[in-house]
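To keep things clear, I will list the structure first and then write my remarks on it.
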Amino acid sequence: PLALGLYTVNAVYGDTITMPCRLEVPDGLMFGKWKYEMPNGSPVFIAFRSSTKKNVQYDDVPDYKDRLSLSENYTLSIKNARISDEKRFVCMLVTEDDVSEEPTIVKVFKQPSQPEILHQADFLETEKLQMLGECVARDSYPEGNVTWYKNGRILQPMEGVVVISLQKMVNKSTGLFTMTSSLQYMPTKEDANAKFSCIVTYYGPSGQKTIQSEPVVFDVHYPTEKVTIQVLPQSSTIKEGDNITLKCSGNGNPPPQEFLFYIPGETEGIRSSDTYSMTDVRRNATGEYKCSLTDKSMMDSTTITVHYLDLQLTPSGEVTKQIGEALPVSCTISSSRNATVFWIKDNTRMQTSPSFSSLQYQDAGNYICATTLQEVEGLQKRKTLKLIVEGKPQIKMTKKTNTNKMSKTIVCHVEGFPKPAVQWTVTGSGSIINKAKETKYVNGKFSSKIVIAPEENVTLTCIAENQLERTVTSLNVSAISIPEYDEPEDRNDDNSEKVNDQAKLIVGIVVGLLLAALVAGVVYWLYVKKSKTASKHVDKDLGNIEENKKLEENNHKSET
C-alpha cells in the first residue's frame, strides 16, 4: 500500500514490523543504513550493515534498543510495534560514487477491547430523561466511534428523548485511545424487556471493523393505569363456611403494594396489602366488593354470592310414640337456589315423604331428610328422626293338632314394643314335648310356640310383659283322646296380612252375593204375589159367566 505515493507498511500493535529495502543492490556497495525522520525533518540513524565485513551495528537510540534486526538483504524488522513507531523510515545504500534512498511509511493499528455498558441505571422511569449508562471501549488506535442500539436498531439522537455524548481520551504513555459514550434516555412502557447495546467501529490493517457489547435489559417503571379485583380461589360458586381472599392488582411496574378494599355495608375503605381475606363467610357477605389505589384514583369491583342451604325437620332427634297415634312430620328448606328434598329410611331411599296418621310398628326406624344444591359443590344438609313406636303387649293364642295325632302345637302370637318377654304356664296333666321356640322379631311382632301331649283337658297361659304392661291370656286345650276344633295357626306377619286381605276380599264377595240373592228373592216374591192376584180376578170373572148361563137356562125352562 502507498501513503501519499510512498510505500506503507501496516502493522498490528505488539507485532513485528517488517520493512524491506526496496532498492536494487548496486555494484560496489560499501554499506547500507536505516534511519527515520523526526517531525522537524532531521534524521536519526538506527542501523548499519557493511557489505564487505558483513558486520551489523545498531545505533544507541533508546526507543529501539533490543528491538531492531537488519538482514543481509537490508530488510529492517522492529519487534513489539508501538504507536510511536508510526514514522517515515528510509533505507540507504552507499557506494563510493553514490547514495541511494527509499522511504517507507509505517502505520500501527490497535483493536479496542470489547465495549462494556458501565454505570447502568438501576431502573428506568417513563416520562423521565435519565442516564441509562456509559459504553466504554478501551485501548484503540486509531480512535474509534461508538453507536447505541435498541433491539438491534440504531438509536438516533432526539432532543429530550435520546441524548448521546462521546468522549475520547488518549493514554500519553501508550498513545492508545479510550472512547466513552454516555446515553440519556426517556423510556416508554413498551421499553420493558428491551435490549440495549453499543457497538464500537474501528480501523484495522485490513479496513473498518466493529465490536458489539453484551446486551442489557433494564427494569422499566411505569405507573398503574388499571386496577383489577379477583376472588381466590377461583371457584364458580361460594358457599357458607368457605374461606375466600380478595386480591387487588395494578398493571404498573412495580405493582402497587397497598390498596383500599370496600366491603358491603362499610362506607370507608379498608387499607390493606394486595389481599384481603375473609373466613367462614355467611350469606350476609353477598354483595359488591371494590378495591382502589390508596389515592382512590382507580377502582374495580366484583359481585360475590354466598350460597346457603337451611333444612328444618320437625320433629327431629329421637321421638317415642305409641302405636296408633298420629305423627305429623315436616321437612322444609330455605336456599339461595332451587334445591330438592329426599328421604332415606334405614339406608334405603324412600319414594314419598313419610306421613303417619296411625303409627304402626313397621313405621319405626331411622329417617333422614336430606337436601342438596346440585350447582354448588359440597353444599348439602341432612337431619335425622329416630322414630320409636311403643305398644303394650297384645296376645293371640292358637292351637293345632299335629298330623301324628299324638301332640298339639300351641302358639302365642305377641305384638308390642319394646319386645315383650314371654312365659308359659300349664294347668293340668300333660307333658311339654319341647321348650318354647320363638320366631324372629319383626315390626313389633313375633310368636312363641310349644308342643304338648295333654292326657286330659289342660289350660295353657301365655304371659307377655314389657316396660309398659303385663298381659296374660289363657287357652283351654282338650286331651289328645277328646276331639276338638283345631284353630289354624297364624302365619308370619307378611303372610297373615295377605291372608287377612284375602279373607276380606272373600267376605266382600260373599256379602255381595247374598245381597244380590236377597234382591232377586224380593223381586221374585213380588212377581209371584202379583201373579196370584191376577188369577183370582180371572176366576171371579169365569164364575159370573157360569152363573149367568144358569139363570138363562132357568128362565127358559120357566117360559116353557
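Residues of the stretch 182-215 being farther than 12 Å from LYS150 by Cβ, of a type in the set (Phe, Trp, Tyr) and within 43 Å of the chain's Cα centre (by Cα), which ones?
None; the set is empty.
Look at ASN171 and say whether it is on the phi > 0 side of the Ramachandran plot and polar (S, T, N, Q). Lay out the reasoning, then the answer.
On the way: on the phi > 0 side of the Ramachandran plot: no; polar (S, T, N, Q): yes.
It is false that ASN171 is on the phi > 0 side of the Ramachandran plot and polar (S, T, N, Q).
Go through the stretch 95-144 and give me each residue that's on the phi < 0 side of the Ramachandran plot, within 60 Å of the chain's Cα centre (by Cα) and in a loop (DSSP other than H, G, I, E, B).
Answer for the stretch 95-144, where residues must be on the phi < 0 side of the Ramachandran plot, within 60 Å of the chain's Cα centre (by Cα) and in a loop (DSSP other than H, G, I, E, B): PRO112, SER113, GLN114, PRO115, GLN120, ALA121, ASP122, PHE123, THR126, LYS128, LEU129.
Of the residues VAL281, VAL319, only one is part of a strand (DSSP E or B), surrounded by 12 or more Cβ atoms within 10 Å (Cβ to Cβ) and of a type in the set (Val, Ile, Thr); which? Please lay out each step first, then the result.
Working: VAL281 fails: part of a strand (DSSP E or B).
Just one listed residue meets the conditions, VAL319.
Take the residues of the stretch 391-410 that are touching a residue at least 12 places away in the same chain (Cβ under 8 Å) and open to solvent by 40 Å² or more (accessible area, probe 1.4 Å): which is farthest from VAL451 (Cα to Cα)?
For the stretch 391-410, the residue satisfying everything is LYS392.
Output the number of residues of the stretch 58-94 satisfying the condition of being surrounded by fewer than 13 Cβ atoms within 10 Å (Cβ to Cβ) and outside any helix (DSSP H, G or I).
Qualifying residue count, the stretch 58-94: 6.
Being open to solvent by less than 50 Å² (accessible area, probe 1.4 Å) and more than 28 Å from the chain's Cα centre (by Cα) is true for just one of LEU313, LEU309, LEU373. Which residue is that?
On the way: LEU309 fails: more than 28 Å from the chain's Cα centre (by Cα); LEU373 fails: more than 28 Å from the chain's Cα centre (by Cα).
Exactly one of LEU313, LEU309, LEU373 is open to solvent by less than 50 Å² (accessible area, probe 1.4 Å) and more than 28 Å from the chain's Cα centre (by Cα), namely LEU313.
Applying the selection to the stretch 193-208, what residues are touching a residue at least 24 places away in the same chain (Cβ under 8 Å) and open to solvent by less than 40 Å² (accessible area, probe 1.4 Å)?
Selection gives ALA194, PHE196, SER197, CYS198, ILE199, VAL200, THR201, TYR202, GLY204.
Quick check on my filter: what residues within the stretch 155-181 are open to solvent by less than 50 Å² (accessible area, probe 1.4 Å) and out of contact with any Leu (no Cβ under 9 Å at 6 or more places or on another chain)?
Selection gives THR174, GLY175, LEU176, PHE177, THR178.
Between LYS189, LYS239, LYS226, which is in contact (Cβ under 8 Å) with a residue 60 or more places away in the chain and surrounded by fewer than 14 Cβ atoms within 10 Å (Cβ to Cβ)?
Checking each option against the conditions leaves just LYS226.
Return the only residue of TYR7, TYR36, TYR13 being farther than 22 Å from GLY207 by Cβ and of a type in the set (Ser, Thr, Tyr).
Selected residue: TYR36, the only one of TYR7, TYR36, TYR13 that is farther than 22 Å from GLY207 by Cβ and of a type in the set (Ser, Thr, Tyr).
Here's the yes/no breakdown for (1) part of a strand (DSSP E or B); (2) among the acidic types (Asp, Glu); (3) assigned by the TED database to the domain that holds GLN380; (4) buried (at least 17 other Cβ atoms within 10 Å of the Cβ):
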{"site": "THR210", "(1), (2), (3), (4)": "yes, no, no, no"}
{"site": "GLN234", "(1), (2), (3), (4)": "no, no, no, no"}
{"site": "PRO256", "(1), (2), (3), (4)": "no, no, no, yes"}
{"site": "GLU266", "(1), (2), (3), (4)": "no, yes, no, no"}
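The values are calculated or read from the model by the stated rules, or taken from the named source; none is laboratory data. What you see is a predicted model; the values in this text were computed from it and never measured. A quick note on method: Cβ atoms are made from the backbone with ideal geometry, for glycine too, and the neighbour counts reach across all protein chains shown. We work out accessible area using only protein heavy atoms, side chains counted, and drop any ligands, DNA or RNA first. Shrake-Rupley method; radii C 1.70, N 1.55, O 1.52, S 1.80 Å.
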